[in-house]
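Right, one structure below, let's go through it.
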């Protein structure tokens, strides 16, 4: 029996490990782009690192987290503002997106033109779009108050008042991302089987009964996907709030992302900002796990 040559053994090894060799570049990229920054964030959260100082950071154990939970009242307020924005914008997008998807799920003249016009908000970049909305909502020179006066309503302070800043920001977020929600739900409606709807029509079910007992249950995978995506995105939003309100007035719209930015680049307290980032990551993971558990439990019945 002839012994195989080194080249043959090498080719045989490559053939047996080819699935790992092809995945290796992607694994290296993911480690560089995700694993290292995550490790760096967690490590910095246990130090007193300052961006304005060249001294070596000191390991201070849980001091940043102790300050965060027991000393910094702004953290809890920012956490509430973040959840308020994420939940409010997600619910608004799902409700309005569902209404538009049901409206477009039929043939009528001008359907393609109307659908194309609905796509305009997601074409614009978030920062440019936020700048436009900040000008429109200007209490003194904005067009929105001018249009409201046409309808006989009084003007609003919009993002310049603590009572209206969060509803205004949620309104802009809903306007921006509802078209994407509508597209996903419309694709779901187009893919649904027709037999259950035809059977319900023969049985004399009303449109409301068909929607609640057939349409919504069949759309559960699409609704869950949108709920997860839009909720997580709402928790991470920074650009709109930073451009339109800057976290004001009186920190009434300061989300966790803005608080992290202010601590890292305003106060240059990178260690404390990292601790805030770890908490935001924990909140996102917790909400994602809860949603997945709820989905599995509901679908197992």
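Exactly one residue out of 270, 265, 282 is farther than 13 Å from residue 44 by Cβ and over 17 Å from the mean Cα position of the chain (by Cα): that is 265.
The residue of the stretch 205-251 that is surrounded by the most Cβ atoms within 10 Å (Cβ to Cβ), among those that are outside any helix (DSSP H, G or I) and on the phi < 0 side of the Ramachandran plot, is 245.
Can you pull out the residues in the stretch 49-71 that are surrounded by 12 or more Cβ atoms within 10 Å (Cβ to Cβ) and in a strand (DSSP E or B)? Result: 50, single match. Just one of (1) modelled with pLDDT of 95 or more; (2) surrounded by fewer than 21 Cβ atoms within 10 Å (Cβ to Cβ) fails for residue 275. It is (2). Picking from residues in the stretch 259-277 that are out of contact with any helix residue (DSSP H, G or I) (no Cβ under 6 Å at 6 or more places or on another chain) and either touching a residue at least 24 places away in the same chain (Cβ under 8 Å) or not in a helix (DSSP H, G or I) (or both), the one that is nearest to residue 235 (Cα to Cα) is 265. For the residues 28, 42, 60, the requirement of being out of contact with any helix residue (DSSP H, G or I) (no Cβ under 9 Å at 6 or more places or on another chain) and over 28 Å from residue 169 (Cβ atoms) singles out 28.
Restricting attention to the stretch 285-299, and to residues there that are within 15 Å of the chain's Cα centre (by Cα) and surrounded by 12 or more Cβ atoms within 10 Å (Cβ to Cβ), which single residue is farthest from residue 70 (Cα to Cα)? Let's see the steps before the verdict.
Of the residues in the stretch 285-299, the ones within 15 Å of the chain's Cα centre (by Cα) are 285-288, 291.
Now narrow it down to the ones that are surrounded by 12 or more Cβ atoms within 10 Å (Cβ to Cβ): 287-288, 291.
Numbers: 287: 23, 288: 26, 291: 29 Å.
Once the filter is applied, the top-ranked residue is 291.
Residue check: is residue 28 loosely packed, with under 11 Cβ neighbours inside 10 Å and part of a helix (DSSP H, G or I)? So residue 28 fits the description; yes.
The values are calculated or read from the model by the stated rules, or taken from the named source; none is laboratory data. Note that the structure is a prediction, hence the values are computed from the model and not measured. Glycine gets a Cβ as well: all are built from the backbone with ideal geometry, and neighbour counts include every protein chain shown.
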